[in-house]
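Please treat every number below as a calculation from the coordinates, not as lab data. These numbers come from a predicted model, not from an experiment. So basically every Cβ, Gly included, is an ideal-geometry build from the backbone, and we count neighbours across all protein chains shown.
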Amino acid sequence: MLTLNFLVKNIIDFCAISFLLRIWIEWALFDFEHPFVIFIKRVTQLPINIFKKIIPSINSIYSISLFLAFILMIIKFLLISYIQNTSLITNFSITILLSLISLIKISNYLIFWIISMFILMNCFQQKSTLFKKFVTQLSNKIIEIIKFLIPNIKNINYSSVFIILILYLINYIGIDFFGNVWFML
């Protein structure tokens, strides 16, 4: 059962992260000739096109991708509850709420790993690669928001470290409020 739980959780999380990354790529206004951007677009394009055919009034990539990621979190929560034989599904509104919290958690993981890769790539001197350009362009959109709050100290920008600390704080608040359910999300 642990193997099935691991597979379901990670496969659905990968798909949801792909949709959230698609939103972030569209928001960051990327060069769409980048190989990683092409990969993310190809992975997410088929479900987005199917959803556009089902509900043609919604044309925004942001809302479609966010909705599909939310649906995946509902499916993940229901499947993991079924696999673990837990009785957490007592109410549909509780399922929706926990799925929304799971979507917030997975988006925090995405931000955490992108910012962490940005920090590590800037610590080591290396030539500019396509992946470093990708991570830098994604990270700069988030870091620009925090730069206004935290000034540079001796010409060193600590906003990325501050973002990591905020994400750790959110994770520990989730553990405090939800306990073992937080690890299931």
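Restricting to Cα pairs below 8 Å that are 6+ residues apart, what does the relative contact order work out to for the stretch 61-140? Please round to a whole percent.
Once divided by the residue count of the stretch 61-140, the mean separation gives 26 percent.
Taking LYS105 as the anchor, which aspartates and glutamates have their alpha carbon closer than 12 Å to its alpha carbon, excluding any fewer than eight residues away along the same chain?
Those aspartates and glutamates meeting the cut-off are ASP13.
Going by C-beta contacts inside 10 Å, put ARG22, ARG42 in order with the fewest on the left.
Details: ARG22 24, ARG42 10.
Arranged by neighbour count, lowest to highest, ARG22, ARG42 become ARG42, ARG22.
Within 10 Å, at most 10 other Cβ atoms, and a DSSP state outside H, G, I, E, B define an exposed site. Report the longest part of the chain free of exposed chymotrypsin sites (Phe, Trp or Tyr not before Pro).
33-123
Counting other beta carbons within 10 Å of each Cβ, put ASP13, ASP176 in order, fewest first.
The order, fewest Cβ neighbours first, is ASP176, ASP13.
Would you work out the charge dipole size for the stretch 61-185 about its Cα centre, treating the Cβ of every Lys and Arg as +1 and the Cβ of every Asp and Glu as -1, and quote it to the nearest 20 debye?
On the way: 8 positive and 2 negative charges, 98 e Å.
Dipole magnitude for the stretch 61-185 comes out near 480 debye.
When the chain is modelled as a GNM with alpha-carbon springs shorter than 10 Å, which of LEU46, LEU103, LEU78 fluctuates the most?
Top of the fluctuation ranking is LEU46.
Normalised by the number of residues in the chain, what is the relative contact order in percent for Cα pairs under 8 Å and 6+ residues apart?
Values: 134 pairs, mean separation 45.4, N = 185.
Contact order relative to length: 25 percent.
Where is the GNM fluctuation largest for the chain (alpha-carbon springs, 10 angstrom cutoff): LYS105, LYS41, LYS53?
Residue with maximal mean-square fluctuation among LYS105, LYS41, LYS53: LYS53.
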